[in-house]
Amino acid sequence: MTTTPTEAAVLPTNRILRGDCAEVMRSLPEASVDLIFADPPYNLQLRRDLHRPEGSRVDAVNDAWDSFSSFAAYDAFTRDWLAAARRLLKPDGALWVIGSYHNIFRVGTALQDAGFWILNDVIWRKSNPMPNFRGMRLTNAHETMIWAARDEGARPTFNYDALKALNEGLQMRSDWLLPICSGHERLKDAKGAKAHPTQKPMALLHRVLIGATHPGDVVLDPFFGTGTTGAVAKMLGRRWIGIEREESYIAAAEARLAKVRPLDRSTLEVSAGKRAQPRVPFGQLVERGLLRPGELLVNPRGQAAKVRVDGTLVAEGITGSIHQVGAALEKAPSCNGWTYWSFLREGQSVPIDVLRQQIRAELA
Ligand SMILES: C[S@@+](CC[C@H](N)C(=O)[O-])C[C@H]1O[C@@H](n2cnc3c(N)ncnc32)[C@H](O)[C@@H]1O
């Protein structure tokens, strides 16, 4: 499952690539990845060990991979991996990057400078944060994720209705209340200690991947750690690529991923909503002979409008689209012509939307 960059001439999905992420990303084919989820080093700048009030040592992030000699060194590292990540993204691909107050502002500046276009920032509010043991500052109870498109004007995947469904029918907000990774989900080493100091909860990745990818998409995580992104991607039927430098984390991630079973395909379909339905112009009803030029449509007041050959209507000296003529007759700023106008068949008045549904059913 592990491979080195030189073996990676084609896109090596469902594998962990060992090495420096910027270097490995540069070896992969350009514009080949749908989504990058990055959880880079925080650059916590811990000068000494942290202790709880009763004296025990706090298991904080003081590993070599999180140490940089200066902010300038951290910025150079950030700009390097961001440029490599942007090159890998498809034109409508997106980046999600998570961080804390230590690094996220620097990462945000760097990604805008690199050409990414920020779409949202999401606050992950931790329902069970670690307390501030010394009582010197506020409890640090959240992390920030930035969601950015590769370019301004790009249209990355956004499964609006699926996220709304996850939130019991309410539009998904940009503040997510979720617990930190604990219990059976937390990977342990042979001595029972945490296998990784910053393992992310699967629930966080579940929401990101449901909202921003489709089954079969390629999801890459350049700071793979224990492989949380890969585990959720595999479960949800997405292809995944992990990049990680440390052998022990790669071993933990490989063991974890081997145990993940992909969900049945039938459970992976998500709510699509009206926006996902194909657009049908009214003129197509005329072209297809479902309505004849010269035929009359009626509105709820019984006023008639004549259908013209180009799919416009004329009524009481007003011409325009089904929406414009409806709005003018109602003296309203707008009107949904599809539900406003009906046609007559065998003495019955039938909404024109029925004909649109008929065409959509054929397209499906
Ligand atoms: C914040 S942790 C990611 C944790 C991961 N999201 C998880 O759930 O386990 C960052 C990871 O990036 C790795 N790392 C740091 N610098 C790297 C680099 N230049 N290339 C590849 N991996 C790197 C570290 O070894 C560490 O495992």
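Structure above, values below:
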| item | result |
| --- | --- |
| Where only alpha carbons of segment 273-343 are counted, the Rg and the Dmax (Å) | 12.0, 37 |
| Among Leu297, Leu163, Leu88, residue whose mean-square fluctuation peaks in a GNM of the chain (springs only between Cα atoms under 10 Å) | Leu297 |
| Built amide H within the under 5 Å cut-off of Leu119, gap 5+ | Trp147, Ala148, Ala149 |
| Pairwise centroid distance, computed over Cα atoms, of segment 300-328 with segment 211-227, Å | 50 Å |
| Folded to 0 to 90 degrees: helix 353-363 orientation relative to the chain principal axis, Cα | 50 degrees |
| P(r) histogram, all alpha-carbon pairs of segment 199-295 included - 10 Å bins from 0, percent | 14, 35, 19, 11, 10, 7, 3, 0 |
| Virtual spin-label span in nm between Arg288 and Gln324, 7 Å along Cα→Cβ | 2.4 nm |
| Average projected area [Cα convex hull, segment 118-213], square nanometres | 8.6 nm² |
| DSSP-loop trypsin sites (Lys or Arg not before Pro) across segment 97-145, with at most 13 other Cβ within 10 angstrom | Arg134, Arg137 |
| Paramagnetic reach from Arg186 (point 7 Å along Cα→Cβ, amide N under 13 Å) across segment 200-226 | 200-201 |
| Angle between the chain longest axis and helix 71-88 axis [Cα atoms, degrees, rounded to 10] | 40 degrees |
| Rg/Rh for the chain, where both radii come from Cα atoms and Rh is the Kirkwood radius | 1.12 |
| Long-range tail of P(r) for segment 302-364 (Cα pairs > 12 Å, %) | 70 percent |
| Estimated 222 nm signal from helices in the chain, with DSSP H stretches of n ≥ 4 weighted -39500 (n - 2.57), rounded to 500 | -8000 deg cm²/dmol |
| Geometric extent, Cα atoms of segment 61-184 - Rg, Dmax (angstrom) | 16.7, 48 |
| Candidates Val232, Val350, Val122: whichever shows maximal mean-square fluctuation once the chain is modelled as a Gaussian network with Cα springs under 10 Å | Val350 |
| Residues Ser248, Ser266 arranged by fewest to most Cβ contacts within 10 Å | Ser266, Ser248 |
| The chain, relative contact order in percent, only Cα pairs under 8 angstrom and at least six apart counted | 15 percent |
| Separation in nanometres of the label points that stand 7 Å from Cα toward Cβ, at Asp264 and Asp161 | 2.3 nm |
| Alpha-carbon Rg/Rh ratio, for segment 187-230, with Rh computed the Kirkwood way | 1.06 |
| D_trans [Stokes-Einstein, Kirkwood Rh over alpha-carbon pairs] for segment 165-242, 4 °C, 1.567 mPa s, µm² s⁻¹ | 94 µm²/s |
| For the chain, built as a Gaussian network whose Cα springs stay under 10 Å, the top-fluctuating residue of Ser174, Ser334, Ser69 | Ser334 |
| For segment 73-132, convex hull of alpha carbons as volume per residue, Å³ | 104 Å³ |
| Amide H contacts of Leu220 (H built 1.01 Å from N, under 5 Å, at least 5 apart or other chain) | Leu35, Ile36, Phe37, Ile241 |
| Helix 202-212 vs. the chain, principal-axis angle (Cα, 0 to 90°, nearest 10) | 30 degrees |
| Pairs of lysine residues in the chain - Cα separation under 22 Å, sequence separation of 8 or more or cross-chain | 16 |
| Nitroxide proxy distance, nm - points 7 Å out along Cα→Cβ at Lys331 and Arg360 | 3.3 nm |
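Computed from the coordinates by the stated procedures, all read-outs in this text should not be read as laboratory data. All values reported here derive from a predicted model rather than from experimental measurement. Cβ sites come from the backbone with ideal geometry, for glycine too, and all protein chains shown count toward neighbours.
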